[in-house]
Structure formats: structure tokens, C-alpha cells
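Below: the structure, in C-alpha cells.
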């Protein structure tokens, strides 16, 4: 604690001295024609880096060339990290990085490096931790000033061009840094060393005792205390979807039978679906809601949100059998397969919030536009989606209310149908028919920028969700889409030795795989196995896990490092456990280990999961609700958990019925193995314990619970009783 206070004092002293007075491919190369400036980013593949390739700032990509230049010219590094669909990244670029006066100052004082956080999450992970450590908050654009040996001495996020409202401006900051680099170099180096030393301390894992089932109760109490009874979700604003929180609560409801946990989930999912955070015309979810009502979103769309939210809606359907949850999941898939799929089969990363220089412009509607498009059906449609003559959208940029509308739903179908003397079925048909008309018109608008890089980890999440929904909804198209995407990943982003690469774009596969790539793709493969029972997916999941253990496992303290032992050596080697917008690789890996241990009867995997439990227990106990995905794995570990082995002929009506019942019910802590004459030898070679299972003409169902096995049954009711699902 003393060291930390000393560090903060030193850093703050330096910051005060710095700011107190302030208060491509051929197509890309063809685009160079007509540009006044072109920098070193022009040869990169990242859409974010290419967006800055014609800035007057002399940007470099992350690499030795930039650091060598900084050492040679004795300059500090200006590191700017963002992503292509980041609204405030665009603002800072237009305001400062496109401004020649700012650029000239930057080029004089710094060697400037641009990093795409989605392409290099390893770099972002380190320096975001620094920013949070030094300022108490983080976000993008992320701005780091550091020495040529990559040690940070200053951190921040968005900087306006000129100082305003107590926020230091970039011009003033640069001038102060220029002076400090000349006159306070000893203090800067000392501060940078202290920041680096403290950063190293934060990466050390201190194992504790095993977590108990009480941690699940503690997490529920925390979520319950923050639950918004009126609008769903947690806290006030902004509101993020965080679907893994909801998936944890579904498991808590399943375990405890506490109806409030289920109510929290269903209310939140309904409110999000009905709000402006959901694209009511083209489907899919925006990034988050800026208000507590889920009305005004930040309009960017991220692939990982679509993957995780579709999974949450799929599981909510399993738990409640309410068709509205299946419909929402299906609509999300429709959006992803229509708008976010590359010709090769991989999924793109994101769509921007902005179009034509304005956030949300693509998604907003004026009342008169709807009148012109829909004619006599306009009033019904406007009533259903709350479209007003004077609009409902507050333009944050101009600080004025706009005459444009965010479509959202506040009345039930029954209420609207009664008002217009329609049946609910006829109402839905009218709404869907007219929604399609608006979609057709919207398609002719200028679309937001699409980030077309394909990331292994986010694609792994999408594979997992598609595969799960494919079996729950009995929809082979979804399963086929998951298989196609995995085939793409295997072909384009996996080396002959099995190791993964992180990013594909424009024909180029590059960047060593991170923990999330291995963990999320393994998750996808496990879901694919249980949806298809192709043993090859189980084999590939095991191979990936073994590679992950070999290259990422911390032999001293347990858990997985974020980067491989043979990837680029950065300032520190971090280890993540916090489940933020995306679950951590460690959280997902713990459940992967548990599932594989049961599928293969491999106790070594379960031993590693137990070590992870101890490795992170002391951190998780302080704030359990911040580790919802890890607690999903903990729920599995605490049990009851089940191993279900089904034998018979896969295409037989009896087997189809057994699998349908297993899949449509919410029984999260189970694994399923299917054995037939066709795959018996293959599954026996993977899981030796399966060799003694009988094959008969009729299906046999074996259920084991908490390491105790029951006699086989042919009765579906008995099976559900054994699974505690009836």
C-alpha cells in the first residue's frame, strides 16, 4: 500500500507538472491519389490503421522501426490505441490528428504509434491497465506517453485539441511534455520505472482457498441489489448488456429455484429487445444504452455482443419456452448472417455508430418519411414503434432534440392489436411486412463503416452461439453456419502445428493467437460437438486445449497468461480474470476444462480447473458479480452436474426425440456423448470409458450425476427426473 501511494504521488506530481497550466492492398494504394499526406500506416491491413494512413501525423505501426527511431532521435513515444468503429476515436482524429498544427507538434516532439486494440489486444491490455491505474478510469481512444523502451509515464483517453472545462488540450499537453522531456527527464524516467514496477506487481497471482457455493449466493445478492425493477438491467446509466451476467443468473435460478433470478433475466431481455438499443428494422444489438430506459444507444454494433446476446436469448428460451426469446435470437442470427459474414465464411468485427459524419444517422427516422413509405399503414406502424412528429432523439453533438426517431416498443402486441381491431397474428404480419419496406429503403442510405477484419476469438463466440441455437431450435442452417465458420478459421487462421493466429483481413492472416482465441474457439468446438456429435470437433477441442496449456499456463500460480510463451515479449505478461464486455479467457477456459474432463474422463483437466479456482479465489471473493462467467464455471464445478451418454442409431425417430428433449430444456451443467455403430471406434479412442456401453436397436440413456451413475433407461420422463429437469 505504501509503495502504491508513493507511486501515485510521483505520477500525480509529474502529471501536475505536465498539465496544470492547461486547465493496404491495391485498392487502398489507389486511394492515395489526391491525398496530401501518407504515412507508414498505408501498408497495414487494419481498417482502423488505414483510417489514419493519410493523417499529417507521421504515424508508425507498432514495431521495432518506431522504437528504434525514438531511441535514435531521443524522443518519447505517443501511443494511441483505438478501433475503427469507436466514435470518440473519430472525433479525436478529425479534431487533432487531421489538423496540421497539431500534427506538426506531434511530429516534432514524439514518435507516434497507432494500435488497433482489436488487432492487438495484448498491447491494449497492458496499457489500459496503466491508464486505469494512473487515472482511475479507462476507455478509447487510449492515449499513452512512454519512453522508447515502452515504459509509460502518462496516460489518458480522449483529449480535445484545446484545453476546455478543466480537460487538458492536446496542444498544451504536447508543449508541456516537450519542455518536461528536456528539463525533467530524470523524474520522467523514475516515474516510468515506478509505473512499470507496479504494473508487474499487479500481474502476480496470489492463490487463495477454494471457492465455496456461497460465492454464488453472494453474486446473486449483488446483482439483486443493483437491479432496476422499472427498466431491467443493473444500475442507472449507461447500461451495458453484459449477457454473461444474465446467463449466470439463469444458472442461479436453476440451482436455487429463486424466481427473482429468472424475473431479472426475462425482464432485462424483454426491455433490451423492445428498446432503441435493438435495431428494430434490421435486427441486432447496438453496443450499449446511454440512458436507463434502453432507449438511446451508442449505435455501433459489435460481433461479440451479437454472439453473447443471442446465446442469452437462446438459454432464456430453454428456461421459459417463450417464443419471443427464440424470435430475438433468430433475428440476431439473421442480421449477422446477412450483414456481417465474409464471402469466405468468417464473421466481420463491427459496424460503426457514425454515417455521413453523424452518430446514428443510418438508424433514425422522421415521421414524414414513414408516412411516405407506408401510406395507410403508417399510423399503425408509428404507434407500434413510438414514432413522433417532433422526434424522440436527443442529438448529443448539437445538444438539441432532433425531429428524428429511435424506433422502440412500449405497448404489448395485445394492446396495439385491440386498439386497431386486429388479431395479434394479423398485427405481427402487418408490422413485419411494413418493417421490411423500411428496411428496403434504409438499405439505400449510406451505410456505417464496417470493420471487415475477422478475429478468431470473436468468431469462436459466434460459432458457440450458432451451434447451441442450432440444436436448441432444431435449425440445421444455424449449425451449418457454425461449421462453415470453423472451417474458415481452420483453413485461414490455424497453422499446420495447430497454433492459432488472431486476425485475418484482405487475404492476410497475422498476429500470434492470444488466450481468448484458444478459449473461445474451444468453446465453439465443444458446442459444435454436442450439436453434431462429430468426434472430429471433440478431438480438435482437446488439441487446442493441450496447446493452450502448453503455451499459456502459469506453472507457478495457476491460471492462463493472456499471451503465449512464444509470442512477442511486451512490457509485462498479464493474466486476466475480470469478465467485462467480453468474458475473460480464464473464465471460459475453466468451464472448457470441466466440460472436457467429463467428456473424456480426463481428471488432469479437472485438476487444472481446481488450480484455477484457487488461483483467482481471493480476487473473486472481493467482488463476485464482476466475474459472472467464472461463476458459471464454478456453478458447474459445485454441481450437481451430469454426464449423459446416449446410444443408438442417430437418424432414428427415437434418438431424435431423446436429443430434442435434452436440448430444448435448460439443463446447463451437463455434457452429452452419443455413441452409434458409425462412430463407436472413434469415440472409444477419444474417451476409453465409452467402450463398454451397449448398443441396441432401441435408444439407451445413461445418466451420471455428481460422479454416481444410474442404470440405463429408455424412458424420457425418467431421464428428465434423473436430470432434475422435471
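The values are calculated or read from the model by the stated rules, or taken from the named source; none is laboratory data. Nothing here was measured: the structure is a model prediction, and the numbers come from that model. Using ideal geometry, Cβ is built from the backbone for each residue, glycine included, and neighbour counts are taken over all protein chains shown.
Some notes on this structure:
- Exactly one residue among 468, 490 is surrounded by fewer than 18 Cβ atoms within 10 Å (Cβ to Cβ), modelled with pLDDT of 95 or more and out of contact with any strand residue (DSSP E or B) (no Cβ under 6 Å at 6 or more places or on another chain), and that residue is 490.
- Scope region 625-644; condition touching a helix residue (DSSP H, G or I) at 6+ places or on another chain (Cβ under 7 Å) and assigned to a strand (DSSP E or B); matching residues: 643, 644
- All positions within region 294-316 that are in contact with a helix residue (DSSP H, G or I) (Cβ under 8 Å, 6 or more places away or on another chain) and over 30 Å from residue 664 (Cβ atoms): 298, 299, 300
- Residue list for region 335-345, restricted to those being closer than 13 Å to residue 286 by Cα and either touching a strand residue (DSSP E or B) at 6+ places or on another chain (Cβ under 7 Å) or in a loop (DSSP other than H, G, I, E, B) (or both): 336
- Filter result for residue 679 (farther than 22 Å from residue 534 by Cβ and outside the structural domain of residue 591 (by TED's automatic domain parsing)): no
- Selection from region 277-294 of residues that are in contact with a strand residue (DSSP E or B) (Cβ under 7 Å, 6 or more places away or on another chain) and in a loop (DSSP other than H, G, I, E, B): 277, 284, 286, 287, 290, 292, 294
- Sole residue being out of contact with any helix residue (DSSP H, G or I) (no Cβ under 9 Å at 6 or more places or on another chain) and not in a helix (DSSP H, G or I), chosen from 614, 622: 622
- Criterion violated by residue 216 - all others in (1) exposed (fewer than 13 other Cβ atoms within 10 Å of the Cβ); (2) closer than 21 Å to residue 668 by Cβ satisfied: (1)
- Given (1) more than 24 Å from residue 582 (Cα to Cα); (2) touching a strand residue (DSSP E or B) at 6+ places or on another chain (Cβ under 6 Å), index of the condition residue 506 fails: (2)
- None of 620, 577 is buried (at least 17 other Cβ atoms within 10 Å of the Cβ), at pLDDT 95 or above and either under 30 Å from residue 288 (Cα atoms) or more than 25 Å from the chain's Cα centre (by Cα) (or both) except 620.
- Counting only helices (runs of 4 or more DSSP H) that sit completely within region 364-478, those holding 2 or more residues that are in the same structural domain as residue 279 (by TED's automatic domain parsing) and touching a helix residue (DSSP H, G or I) at 6+ places or on another chain (Cβ under 6 Å) correspond to 456-472.
- Within the set 591, 596, the sole residue that is crowded, with 22+ Cβ neighbours inside 10 Å, over 22 Å from the mean Cα position of the chain (by Cα) and either assigned to a helix (DSSP H, G or I) or outside the structural domain of residue 523 (by TED's automatic domain parsing) (or both) turns out to be 596.
- Sole exception among (1) modelled with pLDDT under 95; (2) in contact with a helix residue (DSSP H, G or I) (Cβ under 6 Å, 6 or more places away or on another chain) for residue 237, by number: (2)
- Region 155-196, residues that are crowded, with 21+ Cβ neighbours inside 10 Å, in a loop (DSSP other than H, G, I, E, B) and either touching a strand residue (DSSP E or B) at 6+ places or on another chain (Cβ under 7 Å) or at pLDDT 95 or above (or both): 159
- Tallying residues that are assigned to a loop (DSSP other than H, G, I, E, B) and over 30 Å from residue 481 (Cα atoms) within region 346-363 yields 2.
- The lone exception for residue 319 - which of (1) touching a strand residue (DSSP E or B) at 6+ places or on another chain (Cβ under 8 Å); (2) part of a helix (DSSP H, G or I); (3) closer than 17 Å to residue 243 by Cβ it fails: (1)
- Candidate set: region 674-694, residues that are outside any helix (DSSP H, G or I) and under 38 Å from the mean Cα position of the chain (by Cα); chosen: the one nearest to residue 662 (Cα to Cα): 674
- Verdict on residue 229 being surrounded by fewer than 19 Cβ atoms within 10 Å (Cβ to Cβ), under 22 Å from residue 320 (Cβ atoms) and outside the structural domain of residue 441 (by TED's automatic domain parsing): yes
- Candidate set from region 77-103 (those that are touching a helix residue (DSSP H, G or I) at 6+ places or on another chain (Cβ under 6 Å) and assigned to a loop (DSSP other than H, G, I, E, B)); member that is nearest to residue 147 (Cα to Cα): 83
- Some residue of region 506-527 being over 30 Å from residue 612 (Cα atoms), assigned to a loop (DSSP other than H, G, I, E, B) and either outside the structural domain of residue 341 (by TED's automatic domain parsing) or modelled with pLDDT under 95 (or both): yes
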